[in-house]
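Here is the structure we will look at.
Please treat every number below as a calculation from the coordinates, not as lab data. Computed from a predicted model, the values in this text were never measured in an experiment. Glycine gets a Cβ as well: all are built from the backbone with ideal geometry, and neighbour counts include every protein chain shown.
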Amino acid sequence: MSNNKHDRRNFLKIVGAGGIATTVALYTPFAIGGASKKVIIIGGGMGGATAAKYIKMMDSSVDVTLIETNRDYFTCFTSNEVLSGHRKMSQIKFGYAGLEKHGIKVVIDTVSAIDAKGKTVKTKTGKSFAYDRCVVSPGVDFKYDSVEGYNSEVAYSKIPHAWKAGPQTVMLRQQLVSMKDGGTVIIAPPVNPFRCPPGPYERASQIAYYLKKNKPKSKVLILDAKQRFSKFGLFTNGWKKHYGYGTENSIIEWVASDQGGLVERVDVKNMTLHGEFDKHKGDVINIIPAQTAGGIALATGLTDSSGWCPVQGNTFESTIHKNIHVIGDAAIASPMPKSGYAANSEAKVCAAAIVALLSGDKIPEPSYVNTCYSVIAPGDGVSVAMVYKYQNGKIVKVKGSGGLTPIEFNPKLREREVEYGYTWFNNITNDAFG
Amino acid sequence: MKRKVILKYVVIAGALILIGQQTTLATPTAKMLAYTCAGCHGTNGASNGPAIPSLAGLSKPYLVESMESYKDGSRVSTIMDRIAKGYSKKEFELMGDFFAKQKVHKISKQKFNKASAKAGKKLHNKYCKKCHESGGTNPEDDAGQLLGNARLYLEYTFEDLTDKSRSMDKKMTKKMKKMLKKDPKASVKLIDYYSKGEK
């Protein structure tokens with residue numbers, strides 16, 4: 001297949017700019033002249049679903065196939081509200097019919113291997129898919145060995161991590177419901193970086209709210225692998241306000257890593273966590289293990305020594321394997337956090353770049369946003385937000401933008417942040433799956 | 001042969017760009033900027049509520065003015081002040097271009113009281129219509145969307161206008177005062193009418 005026509009067009013662009021072509025380096029002069037535009041997307045979470053939809057929205061001629069293991073997707077964000085009983089699993093459940101309506105082929109299967117050189121994806125059922133560009137959005141996997149004695153089997157049977165919404169969310173909720181009044185719920189959050197930095201503390205808040213209403217003699221003990229955490233001042237102030245934090249009767253207790261918070265070992269049989277100094281017995285235990293990029297990213301060699309995937313910030317193309325893009329929690333997009341909104345925003349930047357690359361057009365100048373809501377108690381919502389741009393080859397925060405909800409309690413505005421958080425949930429899930 | 005020549009140009013141009021990029025920063029396209037709003041405001045600015053307003057079909061000057069007032073803190077907000085500080089006026093204008101081109105989105109099936117909505121329509125026609133045509137969905141008015149917008153957003157707006165955390169121009173202040181003097185429950189009626197989403 002000749003691509004002379006295309007070369008010529010790009011050549012003209014270069015010459016036409018009068019020698020000092022302004023943005024030529026950002027063109028892809030030798031893209032195969034519009035013949036093949038096959039994109040395979042691996043993973044149907046926030047990142048993958050959004051990328052699929054937005055590639056189609058921007059260029060309907062691109063052949064987009066999304067491969068996802070599960071027929072139903074449960075959002076990890078807002079799943080803490082299932083634990084408090086505020087929401088049902090059915091309210092955080094989404095399918096792929098919406099994407100199919102946009103002309104995206106959805107394949108329910110598990111990717112077993114990506115051949116980066118041969119530009120082919122293979123699945124467990126023996127299917128093979130060729131691609132021009134592949135988007136890998138696998139989310140996270142767990143380093144169970146970060147806590148001795150913990151493993152996948154324990155997580156699915158007795159001590160859930162519930163850090164991917166699904167059966168473990170249901171199990172944790174049931175454990176809370178059947179726990180006696182006066183019981184102790186232990187949450188053990190991981191070291192950085194991990195999916196949803198404020199998540200464990202919103203979880204503690206939501207569980208504390210449930211306990212306050214239903215089992216007021218009970219407690220939530222947070223044994224942290226860190227010295228500090230996201231929205232620290234907002235959470236601890238909120239806990240003081242709603243749950244007696246800092247007093248003897250506090251529903252929530254938080255132990256920093258160097259105060260004995262770091263959990264080294266779990267005795268599953270005796271439901272006991274062992275730290276450097278103490279051991280703690282829990283009636284319900286939730287261990288959130290340390291994390292890496294999802295398995296397929298590791299298996300394909302898309303990760304560096306950190307266990308996460310290095311990418312170009314303006315295209316999300318892997319710096320290790322060409323033609324493979326990594327978005328969402330698995331990617332190193334720092335200073336962007338590993339959040340649902342960040343995955344949604346990264347997916348759009350990646351989608352725009354892929355559409356441009358497939359057509360031999362200029363890679364668009366990116367713009368990114370993150371927003372993250374947490375509900376500490378009814379009527380007390382808080383948020384963190386940030387605007388990002390691409391500068392000198394890196395994703396950077398736009399100076400002066402973003403930040404946290406003011407620490408001073410404003411009932412009118414805190415109440416609104418709860419409702420904005422709920423609307424955000426409705427709109428972002430529709431943006432990805434609708 | 002031809003390929004070689006092109007490659008040479010690309011290499012030279014590429015080097016020039018790398019130098020150029022250090023100093024000048026390109027502005028993202030309207031689409032790129034507007035897409036980042038969708039996470040909260042819905043795809044192409046069509047929000048399904050209950051609290052975050054739609055941006056689809058909004059007047060460009062209104063959107064730019066709103067973003068500027070969030071940025072300088074003159075309009076009350078929870079999060080928009082923090083987000084608005086991330087953009088230039090030129091970028092607000094690009095967002096405005098994008099959203100003005102979208103179809104106005106009306107949420108169907110919001111809660112409203114039937115009788116109250118009927119009374120609200122009358123009030124709207126009497127006090128508001130002159131500046132908020134078509135139930136407040138005409139972008140030519142350079143005002144925000146009323147009919148079919150998220151109900152809680154409408155409630156918050158009336159609350160802010162009443163407690164003066166959001167300012168109004170002289171004409172609107174006068175009309176609002178007159179309306180509320182005659183009917184202290186006028187706000188709820190208007191909110192019911194707008195929430196119904198039909199003219």
Next item on the list: Work out the charge dipole of chain B with +1 on the Cβ of Lys and Arg and -1 on the Cβ of Asp and Glu about the Cα centre, then indicate which of B:Y194, B:N149, B:T27 is farthest towards its positive end.
Entry: B:Y194
Check: Looking only at other chains, what is the average number of their beta-carbon atoms within 10 angstrom of each beta-carbon in A:344-352?
Finding: 3
Check: DSSP loop trypsin sites (Lys or Arg not before Pro) in region A:317-389 with at most 14 other Cβ atoms within 10 Å of their Cβ, which ones?
Finding: A:K322
Notebook entry, point to check: What is the set of long-range amide H partners of A:T110 at a cut-off below 5 Å, with H atoms built 1.01 Å from backbone N?
Noted result: A:K124, A:T125
Next item on the list: Over region A:326-410, calculate the relative contact order: mean separation of alpha carbon pairs under 8 Å at least 6 apart, over the residue count, as a percent.
Entry: 22
Checklist line | Helical contribution to [θ] at 222 nm, DSSP H n ≥ 4, -39,500 (n - 2.57), averaged over chain B, rounded to 500 | finding: -16000 deg cm²/dmol
Notebook entry, point to check: So who's got an amide H within less than 5 Å of the one on A:K338, skipping anything under 5 residues away but keeping other chains? H placed 1.01 Å off N, in plane.
Noted result: A:C196
Check: Net charge near A:K215, counting Lys/Arg +1 and Asp/Glu -1 over other residues with Cβ under 11 Å of its Cβ?
Finding: +3
Check: From the backbone phi of region A:388-393, what are the Karplus-calculated ³J(HN,Hα) couplings (6.51 cos²θ - 1.76 cosθ + 1.60, θ = phi - 60°) in whole Hz, Gly and Pro given as x?
Finding: 10, 9, 10, 9, 6, x
Item checked: Sequence-separation-based contact order of chain A, relative, with Cα cut under 8 Å and 6+ spacing, percent -> 18
Next item on the list: Return the calculated 222 nm mean residue ellipticity for chain A, to the nearest 500 deg cm²/dmol, obtained by summing -39500 (n - 2.57) across DSSP H runs with n ≥ 4 and dividing by the residue count.
Entry: -9000 deg cm²/dmol
Note to self: Given contacts defined as C-alpha pairs under 8 Å and at least six residues apart, what's the relative contact order of region A:37-91, whole-number percent?
What the structure shows: 35
Checklist line | Prolate/oblate/rounded label for chain B (Cα gyration tensor, a/c 1.5) | finding: prolate
Margin query: In Å and on Cα atoms, what radius of gyration and Dmax does region B:76-140 show?
Written below: 16.4, 45
Note to self: Taking the beta-carbon count within 10 Å as an exposure proxy, list A:H325, B:H105 from fewest neighbours to most.
What the structure shows: B:H105, A:H325
Checklist line | Selected from B:L94, A:A51, A:S152, residue furthest toward positive end of dipole (the protein assembly as shown; charges at beta carbon) | finding: B:L94
Notebook entry, point to check: What's the longest piece of chain A with no exposed GluC sites (Glu not before Pro), counting a site as exposed if DSSP puts it in a loop and it has at most 13 other beta carbons within 10 Å?
Noted result: A:1-247
Note to self: Please report the antiparallel percentage of the DSSP beta bridges confined to the protein assembly as shown, to the nearest 5.
What the structure shows: 55
Note to self: Springs between alpha-carbon pairs under 10 angstrom, Gaussian network model over chain A: which of A:I324, A:I108, A:I222 fluctuates most?
What the structure shows: A:I108
Note to self: I want the local charge near B:T43. Using Cβ-Cβ distances under 9 Å, sum +1 for each Lys or Arg and -1 for each Asp or Glu among the other residues.
What the structure shows: 0
Next item on the list: Give me the angle, in degrees from 0 to 90, between the Cα long axis of helix B:170-182 and the longest principal axis of the Cα atoms of chain B, rounded to the nearest 10.
Entry: 30
Item checked: Unit charges on C-beta of K, R, D, E only; dipole of the protein assembly as shown, Debye -> 2300
Item checked: Radius ratio Rg over Rh of the protein assembly as shown, counting only Cα atoms, Kirkwood formula for Rh -> 0.99
Note to self: Are there any trypsin sites (Lys or Arg not before Pro) in region A:149-255 that are in a DSSP loop and have at most 11 other Cβ atoms within 10 Å? List them by number.
What the structure shows: A:K180, A:K217, A:R228
Checklist line | Cα gyration tensor shape of region B:30-100, rounded if a/c is under 1.5, else prolate or oblate by comparing a/b with b/c | finding: oblate
Checklist line | Unsatisfied cross-links (Cα-Cα over 30 Å) in the set A:K348/B:K130; A:K88/A:K338; A:K143/A:K213 | finding: A:K348/B:K130; A:K143/A:K213
Next item on the list: Under 18 Å Cα to Cα from A:K322, which lysines show up? Leave out anything in the same chain fewer than 8 places away.
Entry: A:K37, A:K38, A:K117, A:K119, A:K122, A:K362
Next item on the list: Over 28 Å, how big is the tail of the calculated P(r) for region A:147-289, in percent of all Cα pairs?
Entry: 9
Check: How much net charge surrounds A:Y54 when only other residues with a Cβ under 14 Å from its Cβ are counted (Lys, Arg +1; Asp, Glu -1)?
Finding: +2
Check: Once you average over the residues of A:362-372, how many Cβ atoms of partner chains fall within 10 Å of each Cβ?
Finding: 5
Margin query: Give me the tail of P(r) for region A:241-332 as a percent: Cα-Cα pairs with distance above 23 Å.
Written below: 52
Next item on the list: Please pull out the direction-averaged projected area of region A:304-390, using the convex hull of its alpha-carbon atoms, in nm² to one decimal place.
Entry: 6.5
Notebook entry, point to check: Of all the Cα-Cα pairs you can form in region B:114-196, what percent are over 17 Å apart?
Noted result: 43
Note to self: Let me confirm one metric for peptide B:45-52, namely the mean number of other chain beta-carbon atoms within 10 Å of its residues' beta-carbons.
What the structure shows: 6
